[in-house]
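Chemist: Sending over a structure as structure tokens; questions will come in a sec.
The values are calculated or read from the model by the stated rules, or taken from the named source; none is laboratory data. Here the structure is a predicted model, which means the values were calculated and not measured. Note that we place each Cβ from the backbone using ideal geometry, even for glycine, and neighbour counts take in every protein chain shown.
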Amino acid sequence: MSDAISALNHAQFTGFAEVEECGLQGMITLRGDLTSKPLIAGARTAGGRDGRDGKMPKMGMAEVAISVADRNGVCWMSPDEVLVLCPYDKVEAQLMALTTKLGKTHALAVNVSDARAMFRVSGGTAAREVLAKLCPVDMSPGAFKPGMFRRTRMAQVAAAFWMDDSEDIYIICFRSVAQYVFDLLKIAAQPGSQVGVY
């Protein structure tokens, strides 16, 4: 059996902002009634969050913990969908535990890890500028804050992103368009192309 590799195997680019493909990331799409207690507990536990508080992220928000080794969390995707993040090597176990917690609750939980790619753009205000060039989202500090989550377009493809407390921006897209997204980010972060809006 071959070893799993991410879409672009940790590709990196340094411009006025840093762009990198994050490598393998566990992702579970979970659809159902987001007020259901079993669904909430399962999603939060699978995403490395405390499942006992009985809450899901609010609309347009992400609760993601970033460490050197792991990205865990739950991201609001739509009124009946969240994206659960967990370590890639634990996604099958987390999916089974989630399914067990769901019991007979009407829901759909699917491992989409190998169908997605994740990127990180770092550089504070520079990262904001890179995304503002590509997405129809107000990236000003007053409008887009750490913890916020957006599903949108990035030029010609669908993408979703959130910002952590250090103002790094994490982007998720379909694996099939990973090279296109990486190229977009590289062009938007080219040295000398700063607009200086933020």
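Chemist: Quick one: would you say VAL64 is touching a Phe, Trp or Tyr at 6+ places or on another chain (Cβ under 7 Å) and in the same structural domain as LEU184 (by TED's automatic domain parsing)? Before you say what the answer is, go through the steps one by one.
Modeler: Numbers: touching a Phe, Trp or Tyr at 6+ places or on another chain (Cβ under 7 Å): yes; in the same structural domain as LEU184 (by TED's automatic domain parsing): no.
Against the criterion (touching a Phe, Trp or Tyr at 6+ places or on another chain (Cβ under 7 Å) and in the same structural domain as LEU184 (by TED's automatic domain parsing)), VAL64 does not qualify.
Chemist: Now a separate question. When only residues in segment 153-163 that are of a type in the set (Gly, Ala, Ser) and touching a helix residue (DSSP H, G or I) at 6+ places or on another chain (Cβ under 8 Å) count, which is surrounded by the most Cβ atoms within 10 Å (Cβ to Cβ)? Step through it out loud before you land on a result.
Modeler: Start the filter on segment 153-163 by keeping residues that are of a type in the set (Gly, Ala, Ser), which leaves 155, 158-160.
Then keep just the ones that are touching a helix residue (DSSP H, G or I) at 6+ places or on another chain (Cβ under 8 Å); that gives 155, 159.
Values: ALA155: 15, ALA159: 22.
Here the answer is ALA159.
Chemist: When the residues of segment 161-198 are filtered to those that are among the polar types (S, T, N, Q) and outside any helix (DSSP H, G or I), which remaining residue is nearest to the chain's Cα centre (by Cα)? Before the answer, list the steps.
Modeler: We begin by selecting, within segment 161-198, every residue among the polar types (S, T, N, Q); these are 166, 176, 179, 190, 193-194.
Checking the rest, the ones that are also outside any helix (DSSP H, G or I) come to 166, 190, 193-194.
Numbers: SER166: 15, GLN190: 23, SER193: 26, GLN194: 25 Å.
Selected residue: SER166.
Chemist: Please verify whether segment 116-123 includes one or more residues that are part of a strand (DSSP E or B), modelled with pLDDT under 95 and closer than 30 Å to ALA41 by Cβ.
Modeler: Of segment 116-123, the ones part of a strand (DSSP E or B) are 116-122.
Filter again for modelled with pLDDT under 95, leaving none.
The answer is no; no qualifying residue exists.
Chemist: Taking segment 19-45, which residues are surrounded by fewer than 18 Cβ atoms within 10 Å (Cβ to Cβ) and among the acidic types (Asp, Glu)?
Modeler: Matches in segment 19-45: ASP33 only.
Chemist: Can I ask one more? Please list, ordered by first then second residue, the pairs with beta carbon atoms under 6 Å, 6 or more apart or interchain, first in segment 107-118 and basic (Lys, Arg), second assigned to a helix (DSSP H, G or I).
Modeler: Once the first residue is basic (Lys, Arg) and sits in segment 107-118, its partners that are assigned to a helix (DSSP H, G or I) give ARG116/ARG175.
Chemist: Could you grab me the full set of residues in segment 90-108 that are touching a helix residue (DSSP H, G or I) at 6+ places or on another chain (Cβ under 7 Å) and among the charged types (D, E, K, R)?
Modeler: LYS101
Chemist: Let me ask something else. Could you grab me the full set of residues in segment 108-157 that are over 30 Å from LEU98 (Cα atoms) and of a type in the set (S, T, N, Q)?
Modeler: Selection gives SER122, THR125, SER140, GLN156.
Chemist: Only one of SER166, SER113 is of a type in the set (Ser, Thr, Tyr) and buried (at least 16 other Cβ atoms within 10 Å of the Cβ); which?
Modeler: Details: SER166 fails: buried (at least 16 other Cβ atoms within 10 Å of the Cβ).
Sole residue among the options that is of a type in the set (Ser, Thr, Tyr) and buried (at least 16 other Cβ atoms within 10 Å of the Cβ): SER113.
Chemist: So, one more: Might you let me know whether segment 140-148 holds any residue that is in contact (Cβ under 8 Å) with a residue 12 or more places away in the chain, buried (at least 22 other Cβ atoms within 10 Å of the Cβ) and in contact with a strand residue (DSSP E or B) (Cβ under 6 Å, 6 or more places away or on another chain)?
Modeler: No, the conditions are met nowhere in segment 140-148.
Chemist: Just checking, how many residues over segment 124-139 are in contact with a Phe, Trp or Tyr (Cβ under 6 Å, 6 or more places away or on another chain) and modelled with pLDDT under 95?
Modeler: Residues meeting the conditions: 1.
Chemist: Let me ask another. When segment 66-98 is examined, which residues are found to be surrounded by 14 or more Cβ atoms within 10 Å (Cβ to Cβ), of a type in the set (S, T, N, Q) and in contact (Cβ under 8 Å) with a residue 40 or more places away in the chain?
Modeler: Hit for segment 66-98 is GLN94, nothing else.
Chemist: Out of the residues in segment 178-198 meeting the condition of being at pLDDT 95 or above and within 27 Å of ALA65 (Cβ to Cβ), tell me which one is surrounded by the fewest Cβ atoms within 10 Å (Cβ to Cβ).
Modeler: Only one residue fits best here, namely ALA178.
Chemist: Limited to segment 124-160, what total is found for residues that are assigned to a loop (DSSP other than H, G, I, E, B), under 26 Å from GLY192 (Cβ atoms) and out of contact with any Asp or Glu (no Cβ under 6 Å at 6 or more places or on another chain)?
Modeler: First, the residues of segment 124-160 that are assigned to a loop (DSSP other than H, G, I, E, B): 124, 135-147, 155-156.
Within this subset, residues satisfying the condition of being under 26 Å from GLY192 (Cβ atoms) are 124, 135-141, 144, 155-156.
Imposing the further condition that a residue be out of contact with any Asp or Glu (no Cβ under 6 Å at 6 or more places or on another chain) reduces the set to 135-141, 144, 155-156.
Qualifying residue count for the region: 10.
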